[in-house]
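Below is one structure; the comments refer to it alone.
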Amino acid sequence: MGSKHLCFINMVLVFSMIFYFTSPVFANPVQPYKATQQEFIQNSSDTRSINSHSNNMVNVAIDTKAQCHSDIPPLPVNPTPKLITKDLGFLEGPTWSSVKQQFYFSEMDFDGPQTSGPISTIFTWSHQNGVNKLINDVGTNGLYAKGNELYLLDHANRGISKMNLSSLNQHVITNQFQGQHFNSPNDAVMDKDEILYFTDPDWQLGPREQQTPYTGVYTLNKQGHVQLINKSLNKPNGIALSRDEKHIYIGDYSHHIYVYRLTTGKTLAEITQKISIDTPDGMAIDCAGNLYATSHNEGFIKIYNKKGNLIQSVFIAPKLTNVAFGGKDMQTLLITTGNGLFKLTTKVPG
């Protein structure tokens, strides 16, 4: 090869290298994409609030679609509930606080005076700190934690009260509908618009006069307005919302759980399913839409899929009352009974 050819090739190589190293692609190489905090939150399927170390509220996104497997059994094979304590009395109303990172539940004293229903004590439980007494002499059954507040299903005041989880100050939000006192509010669930759905049987009414001629189901909005959405059920008890909030589950003393379609106005439409279960009490829904229903007399948790088919059951204890998901991974199922406090670890988060 002649010197002229070598010179031409060298010039081509030099110009090629100059073009490559000065091109925008090389000067600004593509970086791995990092979503902003807002994009991360918006693109996640679910967000939950927890406490930061500076005690400020932050939103931490949890991609439940990545964790949630609808094609696996919710519980392990032959699950064994773990007893936390049998040193307490009749327990009810468990709820998880993402702010305080602990469960809350009620202990009701049926051996003492029942003038205003049983006197109750609220306890807390967490893996780190165990069981601790929070406050004495309240009249609570069900509880519902939201932010730094705890909603109290308050049979002593025959209404809905709210307690600040830091100061423990309480006040009654409402205790009547159309001038008539409720019976003994029992269980509740809240939707994304902060509408509280609650049941009002008469289990803790005691010797007090019943003022409403029915045992109803109501909604309570942020402004304190109460709406009656059902007065036909026989002592409605446990209540839960589907994950998409298009259906609501309500158990009653007819030994059924009724699944109603919810209207956009937060009222009940037609019944879409009717699940037969002995003495249904509290219930919870996991991220796959499975229903965890407690059978009070039988002592079983019965798990139904979204079609209403029974897919698993596990015996816990007699006088089974309620369940709630919680924990950092939302896979701890806290279980209240008349004979002890239990927990189960689920394979599907709540």
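Here are the numbers for the structure shown:
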{"read-out": "Single residue of segment 90-109 satisfying the filter (part of a loop (DSSP other than H, G, I, E, B) and in contact with a strand residue (DSSP E or B) (Cβ under 6 Å, 6 or more places away or on another chain)) that is most open to solvent (accessible area, probe 1.4 Å)", "value": "Ser98"}
{"read-out": "Failed item, numbered, when Met283 is tested on (1) free of Cβ contacts under 8 Å to residues at least 24 places away in the same chain; (2) within 13 Å of the chain's Cα centre (by Cα)", "value": "(1)"}
{"read-out": "Checking Asp87 against (1) assigned to a loop (DSSP other than H, G, I, E, B); (2) at pLDDT 95 or above; (3) surrounded by 13 or more Cβ atoms within 10 Å (Cβ to Cβ), the condition it does not meet", "value": "(3)"}
{"read-out": "Within segment 263-290, tally of residues that are open to solvent by 20 Å² or more (accessible area, probe 1.4 Å), acidic (Asp, Glu) and part of a loop (DSSP other than H, G, I, E, B)", "value": "1"}
{"read-out": "Unique match (being β-branched (Val, Ile, Thr), buried (at least 20 other Cβ atoms within 10 Å of the Cβ) and in contact with a Leu (Cβ under 7 Å, 6 or more places away or on another chain)) among Thr321, Thr332", "value": "Thr321"}
{"read-out": "Top-ranked residue of segment 185-223 - restricted to ones that are at pLDDT 95 or above and of a type in the set (Gly, Ala, Ser), ranked as farthest from Val138 (Cα to Cα)", "value": "Gly216"}
{"read-out": "Some residue of segment 113-120 being at pLDDT below 95, in a strand (DSSP E or B) and of a type in the set (A, V, I, L, M, F, W, C)", "value": "yes"}
{"read-out": "Unmet criterion (only one of (1) of a type outside the set (Ser, Thr, Tyr); (2) buried (at least 17 other Cβ atoms within 10 Å of the Cβ); (3) part of a loop (DSSP other than H, G, I, E, B)) for Val217", "value": "(3)"}
{"read-out": "Residue in segment 298-310 that is open to solvent by 10 Å² or more (accessible area, probe 1.4 Å), outside any loop (DSSP other than H, G, I, E, B), aromatic (Phe, Trp, Tyr) and touching a Gly at 6+ places or on another chain (Cβ under 6 Å) present", "value": "no"}
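The values are calculated or read from the model by the stated rules, or taken from the named source; none is laboratory data. Computed from a predicted model, the values in this text were never measured in an experiment. We place every Cβ from the backbone using ideal geometry, glycine too, and count neighbours over all the protein chains shown. These area figures cover heavy atoms from the full protein model, side chains too; ligands, DNA and RNA do not enter into them. Shrake-Rupley method; radii C 1.70, N 1.55, O 1.52, S 1.80 Å.
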